[in-house]
Structure formats: C-alpha cells, structure tokens
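A short worksheet on the structure shown next.
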Amino acid sequence: GAGVSQTPSNKVTEKGKYVELRCDPISGHTALYWYRQSLGQGPEFLIYFQGTGAADDSGLPNDRFFAVRPEGSVSTLKIQRTERGDSAVYLCASSLTGEGVEQFFGPGTRLTVL
Amino acid sequence: AQSVAQPEDQVNVAEGNPLTVKCTYSVSGNPYLFWYVQYPNRGLQFLLKYITGDNLVKGSYGFEAEFNKSQTSFHLKKPSALVSDSALYFCAVRDMGRAGKSTFGDGTTLTVKP
C-alpha cells in the first residue's frame, strides 16, 4: 500500500514568513510523529500524536512551532516567523500504535529559510 | 532522559567481510531499540527492533543486532557485507514507559568496497 507522503518536498521561504508542512500517514496508523533532521545529525523528535491529540509535544523548540491532526489522519506542522535556523529536513513518520513498534518515515520536506 | 551514541561517523569494510556498526544507549527505564537505514534521496527504512525476549534480533537484508543490557549496547551486525549495504545507519531508543518519543543517534555511514 501507499507509504507516508509529505508535501511539499521542498520549500524555500524568506525569514519571517509563515509555512505549513503536510503529512499523510499510512492509512490506519493511529500514531504520527514529526522530526527535524539537520545535516550530519539524526532525526530530532518534535511532536507525537495519538489519534487527534498531541500526546507529547516536548520536542517543539518554541511557540513558533505548532502542529495539528484534526481528524486523526493528515497532520500539518506550522512554523510562524521563520528563522534561518529553522532550515532543515522535516520528517514525518507513522506507526500502527505508539507502543514499541517501528515507525514508517516519509521522504521529508526540505525547508530553506533565506 | 534518553540518549543514543554512535561512536563511529564512518565504517569501511570490504565486500564479503563481516560488519559491525556500534550503538550505545541510555534510558531511565527499559529500552525499545531500533535500527533504521537511510539511502541517498530516500526516507529512513526500518531494519530491526528489540522489544523483549532473545537478545539476538534478526532483521531485514541479513542484518542482526545484539542487545547487551549490562553494556547498554545494541550493535548492528552482518556476517558478509554487500556493496549495496552502503548507506547511513541510525540507531534509536525509546523508553518502554514513554510511548511515542524516539531518540536517534547521529548516524554512521557504512561504505562497503568491492
């Protein structure tokens, strides 16, 4: 079946602008995760959804970052007042549940803030 | 708090030789442990996991990993490396008592030479 998809694949924006990144998880997966990966580093956890609710948002770096999953499927990561330091690849993953199971990753959205 | 260390940025082996990619971890409770592989221009793919039970875990593409609780390690191994195994490998840990959040290492680039 279809894997995790993310749109756009690339996003270039200017400092101070607002961006939205979208994630379509695998159908039936209740858990959804957002990570950020900078060059030469591993994925850094941002937020975890179980169904519609954010079960753990401890990785969001500040209040400019926000994510939603209103119907328990598609999720949107929103970044306000973007800064150059936000430039990274944003990864989305989903899993059947949140407990002890592997995550299936999307291809990522490469965000560049000029 | 949970953390992962992959002490080698790069591992080079000759085709046909055994390979080991090292990983050590730290968690407050009992760990779930994972290995993922990332090929160029592709998303992270799950290789194998340790949840409970046998310390030796077998996964995709002939890879295996050994959980060592006393040494807090989860090294990835393969008896005979292939050129096509060349990729970036990530180890990840999750605290069994904390659903969702996984912490990743910074990755090890494996190069298998013919």
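The values are calculated or read from the model by the stated rules, or taken from the named source; none is laboratory data. As the structure is a computational prediction, the values presented were derived from the model and not from experiment. Quick reminder, even Gly has a Cβ in these numbers, built from the backbone with ideal geometry, and neighbours come from all protein chains shown. Just so you know, the surface numbers come from the protein's heavy atoms only, side chains and all, with ligands and any DNA or RNA stripped out. Shrake-Rupley method; radii C 1.70, N 1.55, O 1.52, S 1.80 Å.
For the reader, a short list of remarks on this structure follows.
- Members of the range A:94-106 found to be facing chain B (nearest Cβ under 8 Å) and under 11 Å from the mean Cα position of the chain (by Cα), listed by number: A:F105, A:G106
- When B:D54, B:D85 are checked against the criterion of being of a type in the set (D, E), over 28 Å from A:Y48 (Cα atoms) and open to solvent by less than 40 Å² (accessible area, probe 1.4 Å), a single residue qualifies: B:D85.
- The range A:51-74, residues that are modelled with pLDDT under 95, in a strand (DSSP E or B) and either away from every other protein chain (no Cβ under 11 Å) or closer than 16 Å to A:Y90 by Cα (or both): A:G53
- Residue in the range B:14-22 that is touching a His at 6+ places or on another chain (Cβ under 9 Å) and either surrounded by 19 or more Cβ atoms within 10 Å (Cβ to Cβ) or within 27 Å of A:H29 (Cα to Cα) (or both) present: yes
- Test: residue in the range A:39-50 that is outside any loop (DSSP other than H, G, I, E, B) and acidic (D, E): yes
Residue-wise test of (1) surrounded by fewer than 20 Cβ atoms within 10 Å (Cβ to Cβ); (2) touching a His at 6+ places or on another chain (Cβ under 7 Å); (3) among the hydrophobic types (A, V, I, L, M, F, W, C).
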position: A:S9; (1), (2), (3): yes, no, no
position: A:D24; (1), (2), (3): yes, no, no
position: A:Y35; (1), (2), (3): no, no, no
position: A:G108; (1), (2), (3): no, no, no
position: A:V113; (1), (2), (3): yes, no, yes
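- Close pairs (8 angstrom Cβ cut-off, 6 or more residues apart or separate chains): more than 15 Å from B:Q38 (Cβ to Cβ) in the range B:85-110, modelled with pLDDT under 90 and among the acidic types (D, E) anywhere: B:A99/A:E99; B:K101/B:D95
- Tallying residues that are touching a Ser or Thr at 6+ places or on another chain (Cβ under 9 Å), touching a residue at least 24 places away in the same chain (Cβ under 8 Å) and part of a loop (DSSP other than H, G, I, E, B) within the range B:1-58 yields 14.
- Pairs where the first residue, in the range A:42-68, is in contact (Cβ under 8 Å) with a residue 12 or more places away in the chain and the second is open to solvent by 60 Å² or more (accessible area, probe 1.4 Å) and of a type in the set (F, W, Y), C-beta under 8 Å, 6+ apart: A:L60/A:F66
- Being open to solvent by less than 20 Å² (accessible area, probe 1.4 Å), more than 11 Å from every other protein chain (Cβ to nearest Cβ) and under 18 Å from A:T112 (Cα atoms) is a condition met by no residue of the range A:38-50.
- Candidates in the range B:91-114 are the residues that are within 19 Å of B:Q10 (Cβ to Cβ) and in contact with a Cys (Cβ under 9 Å, 6 or more places away or on another chain); of these, the one that is farthest from the other protein chains (Cβ to nearest Cβ) is B:T108.
- For the range A:51-91, the set of residues classified as open to solvent by 20 Å² or more (accessible area, probe 1.4 Å), of a type in the set (A, V, I, L, M) and within 13 Å of the chain's Cα centre (by Cα) consists of A:A54, A:L60, A:V68, A:V74, A:V89, listed by residue number.
- Residue match in the range A:79-94 (condition: without any contact (Cβ under 8 Å) to a residue 24 or more places away in the chain and either part of a strand (DSSP E or B) or touching a Leu at 6+ places or on another chain (Cβ under 6 Å) (or both)): no
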